[in-house]
1. Show the residue pairs meeting these rules: Cβ distance below 6 Å; 6+ apart or different chains; first residue within the stretch 224-245 and within 18 Å of Asp158 (Cβ to Cβ); second residue open to solvent by 40 Å² or more (accessible area, probe 1.4 Å).
2. Across the stretch 1-25, what is the number of residues that are under 14 Å from His86 (Cα atoms), under 23 Å from the mean Cα position of the chain (by Cα) and not aliphatic (A, V, I, L, M)?
3. Do any strands (runs of 3 or more DSSP E) entirely within the stretch 200-245 hold 3 or more residues that are closer than 26 Å to Thr145 by Cα and not aromatic (Phe, Trp, Tyr), and if so, which?
4. Return yes or no: is Lys73 more than 17 Å from Lys153 (Cβ to Cβ) and of a type in the set (Lys, Arg)?
5. Looking at the stretch 87-97, is at least one residue open to solvent by 10 Å² or more (accessible area, probe 1.4 Å) and over 19 Å from Thr145 (Cα atoms)?
6. I want to confirm something. Restricting to the stretch 219-245 and keeping residues that are under 19 Å from the mean Cα position of the chain (by Cα) and surrounded by fewer than 19 Cβ atoms within 10 Å (Cβ to Cβ), which single residue is modelled with the highest pLDDT?
7. If I filter the stretch 205-216 down to residues being open to solvent by less than 50 Å² (accessible area, probe 1.4 Å) and touching a strand residue (DSSP E or B) at 6+ places or on another chain (Cβ under 6 Å), which single residue comes out as nearest to Lys243 (Cα to Cα)?
Amino acid sequence: MAYSNSKLVSYTKISPNKTVNRTHLIDTITIHCVVGQCSVETLGNVFADKSRKASSNYGIGPDGRIGMYVEEKDRSWCSSNAANDHRAITIEVASETKDPYKVTDKAYAALLDLVTDICKRNNIKKLLWKGDKSLIGQVDKQNMTVHRWFANKSCPGDYLYGKHPEIAAEVNKRLGVTEKASSKEFKVRVNDASLNVRKGPGVLYSVVSKITDKGVYTIVEEKNGWGKLKSGAGWISLKYCTKIK
């Protein structure tokens, strides 16, 4: 397959830390956080250091500029997992240095643009996110992965991790994907931005992630005061949400 690179890139510094010629078609997106509001130039210098043995295909600075460090035809050294990085485009996004590692609005907007562009050029017709580690490699069910699934890291941070359902929904909208709403579906606005997402509807189930944005979320099932997120990430307590009619 003939690979192309994003035309959204405004800065290029190819890293020596890469594997020439990926061994798998691009069918996955892996978003990382930098843990630092560094520019695309600074990130390029970091990845130019051979001793770090690290790189990514793309990076996004706090100003929304996009850098390229490993061409899409090659595998970056980014996710602590060769199999993942051979099939994924990896993107490092500048972030704050403390939990939840929030990114700027400009960086987030650029991320949506870049992921949309990657999907269009690589024939990824729909982004799928379930928040389920057991689905790694099953791209017909989930084609977004995160670094924390492959190493003892918090990457991409709770802010971007919590944004994955929104990222998938917005990119799919731009790709022209239309979905039928279930008659059971309804939307809620989260009132508590630290609301825990659990495996099941009750306090006895373990926490899998947190809501870090007081945004609007789609609920597909309601049970005992708990709502199942359409993203597949888990269940949230509707006690801390406002139903939108």
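1. Sorted first by the residue in the stretch 224-245, then by its partner, the pairs are Gly232/Lys130; Gly234/Arg198; Gly234/Lys199; Gly234/Val208; Trp235/Arg198; Trp235/Lys228; Tyr240/Asn191; Tyr240/Asp192.
2. Adding up the residues that qualify gives 7.
3. 207-210, 216-223, 226-229
4. On the way: more than 17 Å from Lys153 (Cβ to Cβ): yes; of a type in the set (Lys, Arg): yes.
Judged against the criteria, Lys73 is a match.
5. Here is the first cut: in the stretch 87-97, the ones open to solvent by 10 Å² or more (accessible area, probe 1.4 Å) are 87, 92, 96-97.
Right, trim to over 19 Å from Thr145 (Cα atoms) and you get 96-97.
Yes, the stretch 87-97 contains at least one residue that is open to solvent by 10 Å² or more (accessible area, probe 1.4 Å) and over 19 Å from Thr145 (Cα atoms).
6. Keep residues of the stretch 219-245 that are under 19 Å from the mean Cα position of the chain (by Cα), which gives 229-234.
Applying the additional criterion that residues be surrounded by fewer than 19 Cβ atoms within 10 Å (Cβ to Cβ) yields 230, 232.
Details: Lys230: 90, Gly232: 84.
Filtering the stretch 219-245 for residues that are under 19 Å from the mean Cα position of the chain (by Cα) and surrounded by fewer than 19 Cβ atoms within 10 Å (Cβ to Cβ), the one modelled with the highest pLDDT comes out as Lys230.
7. At the first step, the residues of the stretch 205-216 found to be open to solvent by less than 50 Å² (accessible area, probe 1.4 Å) are 209, 211-213, 215.
So of that shortlist, the ones also touching a strand residue (DSSP E or B) at 6+ places or on another chain (Cβ under 6 Å) come out as 209, 211.
Numbers: Ser209: 21, Ile211: 16 Å.
Filtering first and then ranking leaves Ile211.
Yes/no matrix, rows are residues, columns are (1) open to solvent by 40 Å² or more (accessible area, probe 1.4 Å); (2) among the acidic types (Asp, Glu); (3) out of contact with any Pro (no Cβ under 6 Å at 6 or more places or on another chain):
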| site | (1), (2), (3) |
| --- | --- |
| Thr116 | no, no, yes |
| Asn123 | yes, no, yes |
| Gly131 | no, no, yes |
| Asp140 | yes, yes, yes |
| Gly157 | no, no, no |
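The values are calculated or read from the model by the stated rules, or taken from the named source; none is laboratory data. On a predicted model such as this, the values are computed, not experimentally measured, just so you know. All Cβ positions, even for glycine, are placed from backbone atoms using ideal geometry, and neighbour counts span all protein chains on display. To get the accessible areas, we keep the full protein, side chains included, count just its heavy atoms, and leave off ligands, DNA and RNA. Shrake-Rupley method; radii C 1.70, N 1.55, O 1.52, S 1.80 Å.
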